[in-house]
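In what follows, a structure is listed as structure tokens, so that the remarks can point back to it.
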Amino acid sequence: MTPELMEQGAKRIEAHRAMAATLGSQTESGGRTAGFSRLLAAGEVDVTHGRILYLEDVHVSFDGFKAINGLSLDIAPGELRCIIGPNGAGKTTMMDIITGKTRPDSGTAFFGSTIDLLRYTEAEIAQLGIGRKFQKPTVFEQLSVFENLELALYTDKGVKSSMFFRLDSAQADRMAEILRTIHLSDSVTRQAGTLSHGQKQWLEIGMLLMQDPKLLLLDEPVAGMTDEETERTAELFLSLKGKHSLMVVEHDMGFIRTISDIVTVLCDGSVLAQGTLDQVQADERVIEVYLGR
Ligand SMILES: Nc1ncnc2c1ncn2[C@@H]1O[C@H](COP(=O)(O)OP(=O)(O)OP(=O)(O)O)[C@@H](O)[C@H]1O
Ligand SMILES: [Mg+2]
């Protein structure tokens, strides 16, 4: 991106800030505010024990129904973990617990070896470095790609209080790199509402990346994408692996095959099986409850 474009975008965003502040409080997902909280002051996560995420014996009931039932799972730094399982297995609820949207009835949830996630609010967890992508794209349709990415650096409060904010050169470099990563370098000034479904999903992932999350949770990221968009998303995730830790929930087995190392199968709120995709696909219990015969 050229300095002129950056400057042009920065000017336009001044005009849109008030509108964006209003939009920010109207978005569909309750997690939106938290998901896009500013992460610039996030501290280090202690991964000396080889785990960025650690869940142990987590339980959650909704009106007596055990949605999460003795769930234990951990993820290594830089890992790309795929989660599969039947509808209602508890995959989204697990993400709700990790991000502080739902409080478990009992159990342990740690980010690194020192951060007890159950002690933090949803907004604080986002600030600690856990980014979440909901299934439906939630970009600001009226704003440009640039403006969406820039807004990802603000909290709602920040939008109102940062009228004189400009991207510094490190942030501008970062945005240019992210635009390349999400294949939107040629669409910087394009209105987000005119992007394809897949491009909107990439833009939202770009907004998360602007905050440099250590752990990214992605819930059904390729649902509704074309085959070509799905392939490019697989490339995108593989390029993020190592730099970030990723937890990807998907039903698309072709996609899972392309990106997966270890696959965890959830069923009835706990881990049914875990291993390579070939291993779990050969597991009789997994075939029974999910993959079919
Ligand atoms: N807030 C809630 N109140 C009541 N029940 C809930 C709530 N959240 C989830 N559930 C129930 O918990 C179970 C697990 O739901 P969850 O959305 O986590 O499943 P999932 O594995 O993400 O399924 P899918 O593949 O369909 O997205 C479901 O039976 C769901 O109806
Ligand atoms: Mg779900």
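Every number in this text was worked out from the coordinates using simple rules, so none of it is lab data. None of these values were measured; they are calculated from a predicted model. Virtual Cβ from ideal backbone geometry, glycine too; neighbours counted across all protein chains shown.
Observations on the model:
- Each peptide in 201-210, 176-185 gets a packing score, the mean of other Cβ atoms within 10 Å over its residues, and the list from highest to lowest is 201-210, 176-185.
- Charged-residue dipole, Cβ positions (Lys, Arg, Asp, Glu), segment 189-260 about Cα centre, Debye nearest 20: 300 debye
- DSSP assigns beta bridges within segment 183-293; of those with both partners inside it, close to 45 percent run antiparallel.
- Which of R166, R81, R119 has the fewest Cβ neighbours within 10 Å, and the rest in rising order: R119, R166, R81
- In nm, spacing of pseudo-spin labels at E284 and K136 (7 Å Cα→C-beta vector): 4.3 nm
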